[in-house]
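Asker: Here it is, the structure, as structure tokens.
The values are calculated or read from the model by the stated rules, or taken from the named source; none is laboratory data. None of these values were measured; they are calculated from a predicted model. In this analysis, Cβ positions are derived from the backbone assuming ideal geometry, glycine residues included, and neighbour counts consider all displayed protein chains. The protein model used for the area step is the full one, side chains on, heavy atoms only, and it has no ligands, DNA or RNA in it. Shrake-Rupley method; radii C 1.70, N 1.55, O 1.52, S 1.80 Å.
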There are 2 protein chains.
Amino acid sequence: MTLDQPADAAAQHDDTPFAELDPDEQLRRMRHSAAHVLAEAVLEMFPEAKYAIGPPIDNGFYYDFDLPRPLTPEDLTVLDKRMRKTAKRNVPIQGEWIPKAQAREIFANQPYKLEMIDEIDDDTVGHFTHAKFEDLCRGGHTERTGQLGAFKLTHSAGAYWRGDENRPMLQRVYGLLFPTREELDAYIEAREEAERRDHRRLGRELDLYSTHEEYGPGLIYWHPKGGRIRMEIEDAWRKEHIEAGYEIVFTPHIGRGELWETSGHLDFYADGMYSPMDVDGNDYYMKPMNCPFHVQIYNNTRRSYRELPMRLAELGTVYRYERSGVLHGLMRVRGFTQDDSHIICTPDQVEDEIVSVVEFVLHILRLFGFTEFEARLSTRPEKSVGDPEQWEMAEDSLRRALERADLAYEVDAGDGAFYGPKIDIDLTDTLGRKWQCSTVQFDFNLPERFDMSYIGEDGAEHRPYMVHRALLGSLERFFGVLIEHYGGALPLWLSPVQAMVIPIADRHVDFAHHVQRELRTQGFRVDVDTSGERMGNMIRRAQLQKTPYMLVIGDREVEAEQVSVRDRSGDDLGAMPLFQLTDRMVDERDSRTYQPPV
Amino acid sequence: MTLDQPADAAAQHDDTPFAELDPDEQLRRMRHSAAHVLAEAVLEMFPEAKYAIGPPIDNGFYYDFDLPRPLTPEDLTVLDKRMRKTAKRNVPIQGEWIPKAQAREIFANQPYKLEMIDEIDDDTVGHFTHAKFEDLCRGGHTERTGQLGAFKLTHSAGAYWRGDENRPMLQRVYGLLFPTREELDAYIEAREEAERRDHRRLGRELDLYSTHEEYGPGLIYWHPKGGRIRMEIEDAWRKEHIEAGYEIVFTPHIGRGELWETSGHLDFYADGMYSPMDVDGNDYYMKPMNCPFHVQIYNNTRRSYRELPMRLAELGTVYRYERSGVLHGLMRVRGFTQDDSHIICTPDQVEDEIVSVVEFVLHILRLFGFTEFEARLSTRPEKSVGDPEQWEMAEDSLRRALERADLAYEVDAGDGAFYGPKIDIDLTDTLGRKWQCSTVQFDFNLPERFDMSYIGEDGAEHRPYMVHRALLGSLERFFGVLIEHYGGALPLWLSPVQAMVIPIADRHVDFAHHVQRELRTQGFRVDVDTSGERMGNMIRRAQLQKTPYMLVIGDREVEAEQVSVRDRSGDDLGAMPLFQLTDRMVDERDSRTYQPPV
């Protein structure tokens, strides 16, 4: 019996021939049967092995074993071969229901199986066999071992019995399994590509950032090269925001408990907040969000309708508690810089503002080279604040904005926050993965709680609308997405080193520095490789660093006052005068064009 | 007797004629006698008044009274007049030493005097009189009331008897006093000027920033207009740093206790740190300094001498505890952004680095319009870490850097931090006040504590030198200094609104917007005043906001496609075509010229 098996998989009673099952069920069964075949092979290799559970999982299967020694990669190769033999022999897989007492005899030497038998609330248990292998199992198998498709054992890893760290540590052997060899290969290729693009790996190899577990996990240190990228992102972000009529503000990272009581965060967001610090006998909290601070700026003076819409934006670093187990590189962290904005406006203005924001989201994400987007509209949940008419108006304006922006969207009915409906926008990266970065969200809560108001044209006080929005979401996470999307080979404008000048011999170093200076006057980030190593090494190193341009300088170049240009894909662009290269690079940078490496 | 009187002022035994005393002592006596003359006037006005103490202070004097009702500004005018009368009468001031018993009779109705008599450790007490006025006093007076110089009562304020909030609240009347009318007027003028330039007042009037006591005093909220100024400062700072070979990094605002233990901050800087937060059972602290984080970036990988000097810079926001009583606007706060950098280099490089840093400090401060500087070199204190030879070398290099930069400096022998010698650089503002912003400081401590090293040309491990430096010091404080230096009328490049377009009538609004758009394409921050008010009001409002240029648009301007330009000093620069104005403004902005308002 495989514990992790979904409850609806009481498919053992389903006598439908394998060939007639739907493809998902077929695949599930192939994976489950492969787990049995794996267990058989392990028991052959270690007759004293204790075997535990072996369910189908996404992309394959695993089985947990208690073994006399750790498995080596060589063991996996042997096991893989034995499994193939069993598959080739194409023996039938059979199941029957037997009394618990009989099962206890069969599994007398298998403590994990005995434990499971004790826990089954029935008089009989499933007993599945193929060749000489026997397992305690609820079923859901192929008819024969020849129907397993294409599989491959990948690795083994420790796993506590029942995930309980007080129970024995078992060895979990993982395998991939797909219906065909082609599908298996494609999956492996995609996974390797994802690993090559893994931002944690590239972050290290390209020296972009680090974390320091011992001084606090989930806290990002941006290295010089990461800092250069961050500044480009920030500069572009600020420029675009200022042009779009936003005002940039800067607010503290901490606030007294009273602020978070009034805002309600201590009620509804306490789990995400750090414990308080004591200052002069008062509790202070690090900010998990910027909103209440922006509200203070708004509330600092009496406001008139003439001042609206007011669009306050901040690159505000917030700190949120996350369990250490879920932290993941740049993607899930404990401190991050939100590109946060709060738009405060009159009811008349809200729809146009929402439309502009949605268009602005797409404009900004396109700057960074993303082209595919999907949206989700989350509407009023059962428990909510604010009056239903406002909700309806807000949801309508979100919907119309999506339609006017011609953006495909799904509706998650009832999935909005209690304080307002929202749009989330996913972008799709090169590998087809979706990342939720942008969000546009109404807030009917804070304007009430902080008693925000403006004097209308009628001279009376009114409550403004407030819309939160983040475009990149978190700079850290967006940085991670960018790294993976481009596999580290960022567009020229974002590249930390835009060109590496490579003098072939010492006598070319002067001219190399001249080239560097010239490019720097155009604002380019250019290094000279003065290692004195062989040209091939220097080029290779620059390529590994994903440097967009390598400018090789030898006798001919010095004489002709030219540079020989290679790009990071390995293409030789030939020799050209410096002005020609500069023009090309300026165009590429300023248009934010992306020349992908082949 | 005046309690607050300095102990060395037992000048009553000094029979030197007043005219022969040194000017400081003369002034002290004039101020002290004026306090007596004030008390006399108050007792005339309120015969039931209880009078307490009345010492000379910087710039004048005060006297504390227990009165039947609060004093009004009109009362002060009356008191001032009566004092002048007494001065004119030029009566002698006389003192004698009388037995305590006699004094108790004289002051039988004066509980504060009685309390002081009881506390005097002597058999006799001083008894000073002029006309009918009697005071308990240790002396130190002019000979006659005609020698008081030029004085002026300024205001009254509450003050607890003996500064103890459990004792009665008295009314303290303050007066200014200088030897001559000219000196008094000059002081009042300077003080009014300082008040007009007070960054807290201008910060409010120009809507630059706010603090919110109830949510945490000493925490700065930069408003949109302050944010514009900050971005200009940050952009200029980053650009200059990148050109000077610095690398910009970004590090977290919190770190685990282990970091601060290793760095030593928990030992030697705990008072300046906030109390810890608990995260997963570990103590985390907000950073009071950026140094340990920059060290982690350095230590992240093995370093070679080829990578040095490494200049890591950050606009890093730090949080330091300050008592709430010492907080003062932007000048003394609890959270501020340091323009911090750490230069890590080999011993060979250190002197050149120091010279560059000192020149860089002056270069940066000059960008912001400061021209007068003074330096202080603080050398090895008794308790110090690091070997004496290193100290000597470090002090020498600091000294030579000051000399090479041709910067006047004092030496504060023994006043360096325990971990290294330093230079502090003061700038002088328009009012002649000195502000310490920049500091350049050796650190022999952190490289040891964090075991920093690099591989030298010899293939062996070496300990690098580390130099901390901040140029602006704190962005918040520097912002305050800038506001006061310029009285809010910032140079064009820093002005939050660089030009205000003022259409005289509705029919000029279109052209006004055209002018705005044109100037915006040149990167200018330009508003249009669409209030529809009278031209005079609009101009006045823009002037009060210290807007550098006001561009008036009327029929003539629309017809001739010109703008009529006024600057904030009120000068009418006449009508000119837009391109001419743009050229002028671009020049002024890009050269960072300052046109002071008259």
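Asker: Tally up the residues in segment B:160-192 that are surrounded by 18 or more Cβ atoms within 10 Å (Cβ to Cβ) and either assigned to a strand (DSSP E or B) or in contact (Cβ under 8 Å) with a residue 40 or more places away in the chain (or both), please.
Answerer: 10
Asker: When the residues of segment A:273-282 are narrowed to those that are touching a residue at least 24 places away in the same chain (Cβ under 8 Å) and more than 7 Å from chain B (Cβ to nearest Cβ), which ends up farthest from B:ASP271 (Cα to Cα)?
Answerer: A:MET273
Asker: Between a residue in segment A:302-323 that is closer than 12 Å to A:THR337 by Cβ and any residue that is among the polar types (S, T, N, Q), which pairs come within a Cβ distance under 6 Å, given they are 6 or more apart or on different chains?
Answerer: A:GLU314/A:ASN290; A:LEU315/A:THR337; A:GLY316/A:ASN290; A:GLY316/A:GLN338; A:THR317/A:THR337; A:VAL318/A:GLN338
Asker: Give the residue that is surrounded by the most Cβ atoms within 10 Å (Cβ to Cβ), with candidates limited to residues of segment A:283-322 that are within 8 Å of chain B (Cβ to nearest Cβ) and assigned to a loop (DSSP other than H, G, I, E, B).
Answerer: Filtering segment A:283-322 for residues that are within 8 Å of chain B (Cβ to nearest Cβ) and assigned to a loop (DSSP other than H, G, I, E, B), the one surrounded by the most Cβ atoms within 10 Å (Cβ to Cβ) comes out as A:TYR321.
Asker: Now, a different point. Just one of the numbered conditions (1) more than 10 Å from every other protein chain (Cβ to nearest Cβ); (2) surrounded by fewer than 20 Cβ atoms within 10 Å (Cβ to Cβ) is not true of B:ILE344; which one?
Answerer: For B:ILE344, the exception is condition (2).
Asker: Tell me, please, whether a residue that is open to solvent by 20 Å² or more (accessible area, probe 1.4 Å) and under 30 Å from A:LEU38 (Cβ atoms) can be found in segment A:205-225.
Answerer: no
Asker: Of everything in segment B:323-340, what is within 11 Å of chain A (Cβ to nearest Cβ) and of a type outside the set (A, V, I, L, M)? Give them in sequence order.
Answerer: Within segment B:323-340, B:ARG323, B:SER324, B:GLY325, B:ARG334, B:GLY335, B:PHE336, B:THR337 meet the criteria.
Asker: One residue is enough: does segment A:70-80 have a residue meeting the conditions out of contact with any Pro (no Cβ under 8 Å at 6 or more places or on another chain), in the same structural domain as A:GLY126 (by TED's automatic domain parsing) and crowded, with 22+ Cβ neighbours inside 10 Å?
Answerer: The answer is yes, given that some residue of segment A:70-80 is out of contact with any Pro (no Cβ under 8 Å at 6 or more places or on another chain), in the same structural domain as A:GLY126 (by TED's automatic domain parsing) and crowded, with 22+ Cβ neighbours inside 10 Å.
Asker: Go through segment B:479-598 and tell me which helices (runs of 4 or more DSSP H), entirely inside it, have 2 or more residues that are among the acidic types (Asp, Glu) and open to solvent by 30 Å² or more (accessible area, probe 1.4 Å).
Answerer: In segment B:479-598, the matching helices (runs of 4 or more DSSP H) lie at B:509-521, B:555-560, B:578-590.
Asker: Of the residues in segment A:63-84, how many are among the hydroxyl-bearing types (Ser, Thr, Tyr) and assigned to a loop (DSSP other than H, G, I, E, B)?
Answerer: Going through segment A:63-84 one residue at a time, the tally reaches 1.
Asker: For segment B:353-383: of the residues being touching a residue at least 60 places away in the same chain (Cβ under 8 Å) and assigned to a loop (DSSP other than H, G, I, E, B), which is nearest to B:MET231 (Cα to Cα)?
Answerer: Among them, the one singled out is B:PHE368.
Asker: Here's a check for you: in segment B:412-466, which residue that is in contact with a helix residue (DSSP H, G or I) (Cβ under 6 Å, 6 or more places away or on another chain) and small (Gly, Ala, Ser) is nearest to B:ARG196 (Cα to Cα)?
Answerer: B:SER438
Asker: Suppose we keep only residues that are closer than 19 Å to A:THR301 by Cα and outside any loop (DSSP other than H, G, I, E, B) within segment A:426-454. Which one would you say is most open to solvent (accessible area, probe 1.4 Å)?
Answerer: The qualifying residue most open to solvent (accessible area, probe 1.4 Å) is A:GLU448.
Asker: Within segment A:455-476, is even one residue part of a helix (DSSP H, G or I) and either at pLDDT 95 or above or open to solvent by 30 Å² or more (accessible area, probe 1.4 Å) (or both)?
Answerer: Looking through segment A:455-476, at least one residue is part of a helix (DSSP H, G or I) and either at pLDDT 95 or above or open to solvent by 30 Å² or more (accessible area, probe 1.4 Å) (or both).
Asker: I've got another one for you. Within the group B:ALA87, B:ALA52, which residue is crowded, with 18+ Cβ neighbours inside 10 Å, modelled with pLDDT of 95 or more and within 34 Å of the chain's Cα centre (by Cα)?
Answerer: Checking each option against the conditions leaves just B:ALA52.
Asker: Give the residue that is nearest to the other protein chains (Cβ to nearest Cβ), with candidates limited to residues of segment B:193-220 that are without any contact (Cβ under 8 Å) to a residue 40 or more places away in the chain and basic (Lys, Arg).
Answerer: Among those residues, the one meeting the criterion is B:ARG204.
Asker: Regarding A:ARG181, is this residue over 16 Å from A:ALA35 (Cα atoms) and not assigned by TED's automatic domain parsing to the domain that holds A:PRO17?
Answerer: Criteria not met by A:ARG181.
Asker: Could you say whether any residue in segment A:362-376 is closer than 16 Å to A:HIS468 by Cα and either of a type outside the set (Lys, Arg) or buried (at least 20 other Cβ atoms within 10 Å of the Cβ) (or both)?
Answerer: No, segment A:362-376 has no match at all.
Asker: With the requirement that a residue be more than 12 Å from A:THR145 (Cβ to Cβ), β-branched (Val, Ile, Thr) and assigned to a helix (DSSP H, G or I), what does segment A:23-62 give you?
Answerer: Within segment A:23-62, A:VAL42 is the sole residue that qualifies.
Asker: For segment A:395-413, enumerate the residues that are surrounded by fewer than 13 Cβ atoms within 10 Å (Cβ to Cβ) and either under 12 Å from A:THR379 (Cα atoms) or among the hydrophobic types (A, V, I, L, M, F, W, C) (or both).
Answerer: A:ALA408, A:GLU410, A:ALA413
Asker: (1) within 11 Å of chain A (Cβ to nearest Cβ); (2) in contact with a strand residue (DSSP E or B) (Cβ under 9 Å, 6 or more places away or on another chain): which one isn't true of B:TRP237, the others all being true?
Answerer: Evaluating B:TRP237 over (1) within 11 Å of chain A (Cβ to nearest Cβ); (2) in contact with a strand residue (DSSP E or B) (Cβ under 9 Å, 6 or more places away or on another chain) leaves (1) as the failure.
Asker: Which count do you get for residues in segment A:258-282 that are over 25 Å from B:ARG323 (Cβ atoms) and crowded, with 17+ Cβ neighbours inside 10 Å?
Answerer: Going through segment A:258-282 one residue at a time, the tally reaches 6.
Asker: Shifting gears a bit: Which pairs turn up if I take residues in segment A:472-500 that are more than 17 Å from A:LEU202 (Cβ to Cβ) and look for partners that are of a type in the set (Lys, Arg) and outside any loop (DSSP other than H, G, I, E, B) with beta carbon separation below 6 Å, at least 6 apart in sequence or on another chain?
Answerer: A:LEU492/A:ARG589; A:TRP493/A:ARG589
Asker: Of (1) assigned to a loop (DSSP other than H, G, I, E, B); (2) surrounded by 22 or more Cβ atoms within 10 Å (Cβ to Cβ); (3) β-branched (Val, Ile, Thr), A:ILE423 satisfies all except one. Which?
Answerer: (1)
Asker: Would you confirm whether any residue within segment B:246-255 is more than 7 Å from chain A (Cβ to nearest Cβ) and in contact (Cβ under 8 Å) with a residue 12 or more places away in the chain?
Answerer: yes
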